[in-house]
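The values are calculated or read from the model by the stated rules, or taken from the named source; none is laboratory data. All values reported here derive from a predicted model rather than from experimental measurement. Cβ: placed from backbone, ideal geometry, glycine included. Neighbour counts: every protein chain shown. Protein only, heavy atoms only, side chains kept; ligands, DNA and RNA dropped before computing areas. Shrake-Rupley method; radii C 1.70, N 1.55, O 1.52, S 1.80 Å.
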Amino acid sequence: MTRKRLLLADDHQIVLEGLERLLQSDFDVVGTASSGDALVDLAKDLDPDVVVTDYSMPGLTGIEALDALRAEGLGAKVIILTMHEDAEYATEAIEHGVDGYVLKRAASAELLSAIQEALGGGCWVSPALAAEIIRGTKRRAGDESDEGPGATLSDRQKRILALLVQGKIAKEIASELEISRKTVEYHKYKMMHQLGLKSTAELIQFAVKNGLDA
């Protein structure tokens, strides 16, 4: 049977070398990248079956690289391998269509399971986060009617909203929250869509009116 082709991306060389040693017995590691931009360029040239990438990297983040790959029409499965143990990060990744979200502190068997699950058409999330994601989804769905107009917003979205009210621009918010500017913009426009608003000004007015500016 033809071995599946993997492309690895992380901005720490020691991590890349460890991943390559771990995975090369079961897969063909066709390339490695140390930035999101390099990842996209290599993926276009090598057309891998699976991409394993860090969340936070120089240039494009893992999520932004995923969006770029999809825009190029590439169908590689994408696994996020990250130190971010925050359900908000994982939820955002899933909303963008990743095929797996694995914590770096997890056992190597989890990454192997995530790759196999992705190749089979599924989505793997580290068990340490899966339960929290499910609880958060159920809580938001069950309590919307009692929590007011901002009930559909995630904690991260509320934090971004509060910073917008303070007059901060996307670049400043991204720096403060240690996320990318595109992620800030993604959440801003998602909030506008969720709330039926048409501009940033309306979004800020909504926040002030409903006490979401703190």
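Pairs meeting the criteria (first residue in region 1-16 and under 16 Å from residue 83 (Cβ atoms), second residue of a type in the set (Phe, Trp, Tyr), beta carbons under 8 Å, at least 6 apart or on different chains) are lacking. Scanning region 147-189 for residues that are open to solvent by less than 60 Å² (accessible area, probe 1.4 Å), within 26 Å of residue 35 (Cβ to Cβ) and either in a helix (DSSP H, G or I) or small (Gly, Ala, Ser) (or both) turns up 156, 160, 170, 173, 174, 177, 180, 183, 184, 185, 187, 188.
Can residue 114 be described as part of a helix (DSSP H, G or I), surrounded by 15 or more Cβ atoms within 10 Å (Cβ to Cβ) and modelled with pLDDT of 80 or more? Explain how you work it out, then say what you get.
Working: part of a helix (DSSP H, G or I): yes; surrounded by 15 or more Cβ atoms within 10 Å (Cβ to Cβ): yes; modelled with pLDDT of 80 or more: yes.
Criteria met by residue 114.
Quick grid of which residues meet (1) open to solvent by less than 10 Å² (accessible area, probe 1.4 Å); (2) over 23 Å from residue 4 (Cα atoms); (3) among the hydrophobic types (A, V, I, L, M, F, W, C); (4) at pLDDT below 95:
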position	(1), (2), (3), (4)
41	no, no, no, no
56	no, yes, no, yes
71	no, no, yes, yes
79	yes, no, yes, no
86	no, yes, no, yes
90	yes, yes, yes, yes
95	no, yes, no, yes
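When residue 101 is tested against (1) under 24 Å from residue 130 (Cβ atoms); (2) surrounded by 19 or more Cβ atoms within 10 Å (Cβ to Cβ); (3) out of contact with any Cys (no Cβ under 9 Å at 6 or more places or on another chain); (4) free of Cβ contacts under 8 Å to residues at least 40 places away in the same chain, only condition (3) is not met.
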